Amino acid sequence: MSSSVERIIRDKEICGGEPIIQGTRVTVRDIVEYMELYGSEKRILQALPDLTHQDITAALEYYRQHSAEIESYRQEEEESEGWEDIPHTFRRNLPPK
């Protein structure tokens, strides 16, 4: 039996080498952030109709196994977008580390 995380690949030519769902430009980070935003897989699939349940499951499983890596991408994005100037209460509602 193969692991669902095999659907997650890296290609340095796509999204800067961030882990993505195979055959898409959707990163694991995107799925994690959509889950925080929408709160359900159903709403993610409505927003991204080309994805499947298996894609979402693979991305979330990858995140569980590699959360520090994905959080580092999230931190880099925040820093590159000037999030440090925005009060913390307006930032993503991330769980405490």
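The values are calculated or read from the model by the stated rules, or taken from the named source; none is laboratory data. It should be emphasised that the depicted structure is a prediction, and the values quoted were computed from it without experimental measurement. So basically every Cβ, Gly included, is an ideal-geometry build from the backbone, and we count neighbours across all protein chains shown.
Listing for the model above:
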| quantity | calculated |
| --- | --- |
| Residues located in region 1-58, provided they are among the charged types (D, E, K, R), in a loop (DSSP other than H, G, I, E, B) and surrounded by fewer than 16 Cβ atoms within 10 Å (Cβ to Cβ) | 10, 11, 12, 13, 25, 50 |
| Pairs, first over 16 Å from residue 34 (Cα atoms) in region 65-81, second acidic (Asp, Glu) and modelled with pLDDT under 80, C-beta under 6 Å, six or more apart | none |
| In region 35-82, residue farthest from residue 20 (Cα to Cα) [restricted to those that are under 14 Å from the mean Cα position of the chain (by Cα) and of a type in the set (Val, Ile, Thr)] | 44 |
| Residue count, region 71-87 (criterion: under 25 Å from residue 6 (Cα atoms) and either among the aromatic types (Phe, Trp, Tyr) or at pLDDT 95 or above (or both)) | 1 |
